[in-house]
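Accompanying notes for the structure given below.
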Amino acid sequence: MLATTQSSTLVGLDAFAVQVEVDITRAMPSFDLVGLAEAAVRESRTRVRAAIEQSGYPFPIRRVTVNLAPADVRKSGTGFDLAIAIATLAAAGECAAERLDEWMLLGELSLTGGVRGVRGVLPQVMAARERGVRGAIVAAENLGEAAVVEGIEVRGAESLREVVEFLAGRGTLRSGSPDDERDAGDESLLLDLRDIRGQDHAKRAFEVAAAGGHNVLLTGPPGGGKTMLARAMPTILPAMSFRERVEVTAVHSAGAMLRPGEGLLRARPFRAPHHTASAVGLVGGGDPPRPGEIALAHHGVLFLDELPEFPRESLEGLREPLEEGSVTIVRARTRARYPARFTLVAAMNPCPCGYHGDPSDRCSCPEERVRRYRGRVSGPLLDRIDLVIHLPPMRMQALQQAPSGPSSAEVRARVERAREAQRARGEECNARLGVRALRETCALDAQGTRLLESASDRMGLSARAIHRVIKVARTVADLEGAERVGVAHVAEAIGYRAVL
């Protein structure tokens, strides 16, 4: 007898429909699984057999053949267990087969018959809705994220027996609610701007960066406040829209970063990988591909402290995502794409010892060593950074006398007003302006044009850097509520291009 159930496989954030076909015939007892399945999928034979028997159903002592169609799409993960078990029971006459076409099944089975959660449930349920599937049965611990998807019925199961009884119309399964939320980052690591004394010019630069979605590089000796400012950046960014929250949650789901039962993420991500991170850890990869730190920072902040200490290969992998807003991982048999629209905040010391240019004259690094150290950050990467800010050391007297300044909430209110002006012009943020929109919304007056021409010649700015200066000037104008970009806005934007 033949039975078919629906399931899904994830490649990057793209979900592909998979039909699980099980045929039971009178022949020498065996359990064969075909359909371009990786090791974790092939191992489901052991889990499915034990789960069926521990749930109180007889496992067919016949030839069982499982086909995962289409056979030319690679299958990975443990999410096929539930679909294979239900199809096997249906083919053996132990489970009602009439409603199998209505439900997509996702879940790993334990040897006792329990249903465990799997990664990537949210994007797979979203794809099932687009295909017109009536509902999805997932593990109870995945119910929070799956219930976010509207237009499809979602149920959560804790055991294989519960699913069999539900399909037979003799039992019920839990329905989900998308109310369970949490932060995408650890809020204990974040700081309020009011907690940081001094460095007012850097705080202003961060306000500009948050308002326009610009990338920032902080330089200066140790103890100047670089890390504290970086950890305050998420607190001044606007709240995420519902669409952004769904996108961020989908990436974290694909990366197995959600805790059991969690729904939509609420706060913008803050990712701060150690400088020993590999290119795969930063950009993503593996087999099957998993999102790296830059994808997990989507719609949030990626903080790279000690920037020159990162491997060169890892840093160069940032160049395309900073321009395109996405990262594509290509392997011999797989191509996965992840969104990666993040705000880069990087920090570095001026030299290996950290005190080059310090008034105390503590630096003993030769000039050649200083040049080699700074040369670890390539010109093309620096060209993609909008604001380069130097933070001088803060002395005791300055710390005591410096006012606390505005809170993160006050700065966020100004940032949100600037973002609203950008949305009114049909823009997501100024950092994403295309060339045509740049000409239409960031036209400079004669004075501003002459100032930018003079500065570009003096500083040797590339065409990309010039465009980025204009975008920053547009953001400064938005913060001040100005309709046109004036010479003062251009002057401030040029001031944020400090030379290393």
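The values are calculated or read from the model by the stated rules, or taken from the named source; none is laboratory data. Small disclaimer: the values here were computed from a predicted structure and weren't measured. Please note: Cβ atoms are built from the backbone with ideal geometry, for glycine as well, and neighbour counts cover all protein chains shown. Side chains included, ligands, DNA and RNA excluded: accessible areas come from the protein's heavy atoms. Shrake-Rupley method; radii C 1.70, N 1.55, O 1.52, S 1.80 Å.
If you roll a 1.4 Å probe over the chain with all protein chains in place, what percent of the accessible area is carbon or sulfur? Carbon and sulfur atoms account for 49 percent of the accessible area of the chain.
Checking the a/c ratio against 1.5 first, then a/b against b/c, what shape does the Cα gyration tensor give for the range 94-155? Provide the component values of the computation, followed by the final result.
On the way: a/c = 2.29, a/b = 1.15, b/c = 1.99.
Here the range 94-155 falls in the oblate category.
Note on the chain: antiparallel DSSP beta bridges, both residues inside, total approximately 50 percent of the bridges counted. When peptides 380-390, 326-336 are ranked by their average number of other Cβ atoms within 10 Å per residue, the highest-first order is 380-390, 326-336. Can you give the local net charge around ALA51? Use residues other than it whose beta-carbon is closer than 14 angstrom to its beta-carbon, Lys and Arg +1, Asp and Glu -1. Once all neighbours under 14 Å are counted, the net charge is -2.
Rounded to the nearest 500, the 222 nm mean residue ellipticity of the chain from helices alone is -10500 deg cm²/dmol, with -39,500 (n - 2.57) taken per DSSP H run of at least 4 residues. For the range 244-374, evaluate the Debye formula with one uniform point scatterer on each Cα (no solvent term) and list log10 I(q)/I(0) at q = 0.19, 0.20 Å⁻¹, rounded to two decimals. For the range 244-374, the Cα-only Debye profile gives -1.02, -1.10.
Leaving ligands and nucleic acids out of the surface, order MET1, MET28, MET233 by accessible area at 1.4 Å, largest first.
On the way: MET1 125, MET28 150, MET233 0 Å².
Largest accessible area first, the residues go MET28, MET1, MET233.
Distance between the 7 Å Cα→Cβ label points at ALA239 and ARG362: 4.3 nm.
Tell me, what is the FRET efficiency for ASP200 and ARG26 to the nearest 0.05, using R0 = 51 angstrom and their Cβ-Cβ distance as r?
Working: r = 82 Å, r/R0 = 1.62.
Once rounded, the FRET efficiency stands at 0.05.
State the antiparallel share, in %, of DSSP beta bridges confined to the range 219-356, rounding to the nearest 5. Don't skip to the end; give the middle numbers.
Numbers: 7 of 14 bridges.
If I count the DSSP bridges inside the range 219-356, around 50 percent turn out antiparallel.
If you sort MET348, MET394, MET228 by accessible surface, 1.4 Å probe, largest first, the order is MET228, MET394, MET348.
With r defined as the distance between the Cβ atoms of ARG63 and THR276 and R0 fixed at 56 Å, what FRET efficiency is calculated, to the nearest 0.05? Show your work: numbers first, answer last.
On the way: r = 51 Å, r/R0 = 0.92.
Efficiency, rounded to the nearest 0.05: 0.65.
Distance between the pseudo-spin-label points of GLU416 and ALA498 (7 Å out from Cα toward the beta carbon): 3.1 nm.
If you take the square roots of the eigenvalues of the alpha-carbon gyration tensor of the range 274-344 and sort them as a ≥ b ≥ c, do you get rounded (a/c under 1.5), prolate (a/b over b/c) or oblate? Oblate, since a/c reaches 1.5 and b/c is not below a/b. Rounded to the nearest 0.05, the FRET efficiency derived from the C-beta distance between MET228 and ALA39 at R0 = 45 Å is 0.50. For GluC sites (Glu not before Pro), the sites in the range 139-171 that DSSP calls loop and that have at most 15 other Cβ atoms within 10 Å are GLU150.
Accessible surface of THR276, taken over heavy atoms with a 1.4 Å probe and every protein chain present, rounds to 100 Å². Most simply put, the range 4-99 has about 70% antiparallel DSSP beta bridges, counting only bridges with both residues inside it. If you sort the three axes of the alpha carbon gyration tensor as a ≥ b ≥ c, you get a/c of 1.5 or more for the range 324-405 and a/b no higher than b/c, which makes it oblate.
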